[in-house]
Amino acid sequence: MKVSIITINYNNINGLEKTIESVINQTHNDIEYLIIDGGSNDGSVEIIKQYAEKINYYVSEKDGGIYNAMNKGINKATGDYFLFINSGDSLIDSNILTEIMSENRVEDLIYGNLLLFDAEKQWTWNLPDKLTFRDFYNSTIPHPGTFIKRELFNKVGLYDETLKIVSDWKFFLLALTKYSASYVHINKIITKYSYDGISSREENFRKIDAERYEVLRREFNFMLDDYLELEKLSSEMKKIKNFLKIRKFFKSLFNK
């Protein structure tokens, strides 16, 4: 299985070199590596050129944002599966691609877990084996931990460049709900993810919610009101259950 790894970068010279090294040191023998740089002026291009012999394709030019850069990579990639590892992130170890691809998987989406980190700590994001609409209403599957079969982009289309933050979420949601994409969860950490990206910043949470709601309104308008009502009822039931647990606890104290 040929894996195309696509890295997008803009003025992140330190993170970029770490990412490149995690890719070129993989033991898997069929990797295509592409770097899409947004016209960096911090020395990133010099780093790319330093590793040019290990990079199959790179470009450095102004782009239209994150998803425009990713779409550039998709249009150039030729692998059986695509994996997006952006600058600052890294594959968990040098054998992970060999471990995943040795299984000869055929699913449209192969997703694993993430090791997230910030300046103070690190923690693991473990994913469920079975995905539901609720998983995407509340969250997603990790873009840097998901291998996407090339043909799936032909069915679903490229990333929606009108969205600034949640276009990969939209792609996964449509792939699974409207195109019945097959999937499998690999219970392994795939990628070490820097928790300082655009979707991780608190100041962007409101924008994320707004973009997600607009996607749901456009794509699932018929069922959206009913689903929101179901979520509201589910939330109320959780409150009632918690209240009953607390009441039972205090009742047991007084009955002693």
- Query: ASN154 is checked against (1) in contact (Cβ under 8 Å) with a residue 24 or more places away in the chain; (2) part of a helix (DSSP H, G or I); (3) of a type outside the set (Lys, Arg); (4) within 23 Å of LYS2 (Cα to Cα) and fails just one. What number does that condition carry?
  - Reply: (1)
- List, please: which pairs have Cβ atoms under 7 Å, are six or more places apart or on different chains, and start with a residue in segment 210-222 that is within 16 Å of ILE165 (Cβ to Cβ) and end with one that is part of a helix (DSSP H, G or I) and not hydrophobic (A, V, I, L, M, F, W, C)? VAL215/LYS170
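Residues checked against (1) polar (S, T, N, Q); (2) within 19 Å of GLU151 (Cα to Cα); (3) touching an Asp or Glu at 6+ places or on another chain (Cβ under 7 Å):
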site	(1), (2), (3)
TYR57	no, no, no
THR78	yes, yes, yes
VAL106	no, yes, no
LEU114	no, no, no
PHE117	no, no, no
LEU127	no, no, no
- What number of residues in segment 169-198 are in contact (Cβ under 8 Å) with a residue 24 or more places away in the chain and assigned to a helix (DSSP H, G or I)? 8
- Message: On the basis of being within 14 Å of PHE172 (Cα to Cα), under 15 Å from the mean Cα position of the chain (by Cα) and buried (at least 21 other Cβ atoms within 10 Å of the Cβ), does TYR81 make the cut?
- Response: no
- Would you pick out the residues in segment 144-190 that are hydroxyl-bearing (Ser, Thr, Tyr), out of contact with any strand residue (DSSP E or B) (no Cβ under 6 Å at 6 or more places or on another chain) and surrounded by 17 or more Cβ atoms within 10 Å (Cβ to Cβ)? TYR159, SER167
- Among the residues listed as ASN71, ASN104, the single one being in contact (Cβ under 8 Å) with a residue 60 or more places away in the chain and at positive phi: ASN104
- Task: Report yes if some residue within segment 89-100 is touching a strand residue (DSSP E or B) at 6+ places or on another chain (Cβ under 9 Å), of a type outside the set (Val, Ile, Thr) and part of a strand (DSSP E or B); otherwise report no.
- Result: yes
- Task: Please give the number of the condition ASN75 fails out of (1) over 18 Å from the mean Cα position of the chain (by Cα); (2) outside any helix (DSSP H, G or I); (3) under 22 Å from GLY157 (Cα atoms).
- Result: (2)
- Query: Would a scan of segment 118-138 turn up a residue that is surrounded by 15 or more Cβ atoms within 10 Å (Cβ to Cβ), in contact with a strand residue (DSSP E or B) (Cβ under 8 Å, 6 or more places away or on another chain), under 22 Å from MET1 (Cα atoms) and not aliphatic (A, V, I, L, M)?
  - Reply: no
- Flagged in segment 12-52 as over 21 Å from the mean Cα position of the chain (by Cα), polar (S, T, N, Q) and surrounded by 15 or more Cβ atoms within 10 Å (Cβ to Cβ), in numbering order, are SER40, SER44
- Task: Being at pLDDT below 95 and either of a type in the set (D, E, K, R) or touching a helix residue (DSSP H, G or I) at 6+ places or on another chain (Cβ under 9 Å) (or both) is the filter here, so list the residues in segment 89-114 that pass it.
- Result: GLU103, ARG105
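The values are calculated or read from the model by the stated rules, or taken from the named source; none is laboratory data. Since this is a predicted model, take the numbers as computed values, not measurements. Cβ coordinates were reconstructed from backbone atoms using ideal geometry, including for glycine residues, and neighbour counts include every protein chain displayed.
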